[in-house]
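Okay, structure first, notes after.
The values are calculated or read from the model by the stated rules, or taken from the named source; none is laboratory data. Quick caveat: nothing in here was measured; it's all calculated off a predicted structure. Glycine gets a Cβ as well: all are built from the backbone with ideal geometry, and neighbour counts include every protein chain shown. We work out accessible area using only protein heavy atoms, side chains counted, and drop any ligands, DNA or RNA first. Shrake-Rupley method; radii C 1.70, N 1.55, O 1.52, S 1.80 Å.
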Amino acid sequence: MEKTPLSSEEQQVVLLSVSRESRCAVCMGAHGLLADMMDLPTEMTEALREGDRLSDQRLEFLRQFTATLAKAHGRIDEAEVAALEQAGYDRQQVLEVILGIGMKTLARYSDQIPGTDGQPWPAACLAC
C-alpha cells in the first residue's frame, strides 16, 4: 500500500475505515498507533475509530467511499465512484482502495483461524 500514490494520511484513512467496518480490534489498534506515529491529528484518528465525519472534505469522501465499498463487498454503483472522482480522486485510486480492503480482509481472515487466539499471523501482518 505504501507504494501507491495515496499519501500516508490517505492510506490510514483507508486502512482504519476498513478495519472499523470489519470490526477488527487488532487492526484498529495497530493502525491507530501508526496514525499517531505519523502525527495525524488526534481528532482525525478518533473520528476514523468512531466512524465519524472527517473535517477535511476530500478525506471524508475517501472515508465514505472506502466504508461503502467494504460494506457492499465491492458492489457499488457509478454514483459512488463519481462522488469520489469529484473529490479529486481517480480510477487508479479506486483500485488502491480495493488493495487496502484486500489487505485488511487477508489480515482479518487470518486473525480468525482457530488457534491464533486473535493474534495476526506474520503473513497477514506483513500485508498491512
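Which value at 222 nm does the chain reach when only helices count, each DSSP H run of 4 or more adding -39,500 (n - 2.57), with the total divided by all residues and rounded to the nearest 500 deg cm²/dmol?
When only DSSP H runs of four or more count, the value is -21500 deg cm²/dmol.
Using only C-alpha positions, report the orientation-averaged shadow area of the convex hull of segment 1-53, nm², one decimal.
Average projection, Cα convex hull of segment 1-53: 3.4 nm².
Can you put THR4, THR66, THR105, THR42 in order of accessible area, largest first, using a 1.4 Å probe?
Descending accessible area places them as THR42, THR105, THR4, THR66.
If you compute Cα Rg over 2.2 N^0.38 Å for the structure shown, which of (i) 1.01; (ii) 1.32; (iii) 1.10 do you land on?
Computed from these coordinates, Cα Rg over 2.2 N^0.38 Å corresponds to label (i).
How large a share of the accessible area of the chain, in percent, is made up of carbon and sulfur atoms when the probe is 1.4 Å and the other protein chains stay in place?
The value for the chain is 54 percent carbon and sulfur by accessible area.
Counting other C-beta atoms within 10 Å, and keeping those with at most 16, which DSSP coil trypsin sites (Lys or Arg not before Pro) do you find in segment 30-110?
ARG53, ARG75
Which value, in Å², gives the accessible area per residue of the chain when a 1.4 Å probe is used on the protein heavy atoms?
Counting only protein heavy atoms, the per-residue value for the chain is 56 Å².
Taking a ≥ b ≥ c as the square roots of the Cα gyration tensor eigenvalues, with a/c under 1.5 meaning rounded and otherwise prolate when a/b beats b/c, else oblate, which class fits segment 37-100?
Prolate.
Give the accessible area for VAL94 in Å² (nearest 10); use a 1.4 Å probe, count only protein heavy atoms, and leave out ligands, DNA and RNA.
20 Å²
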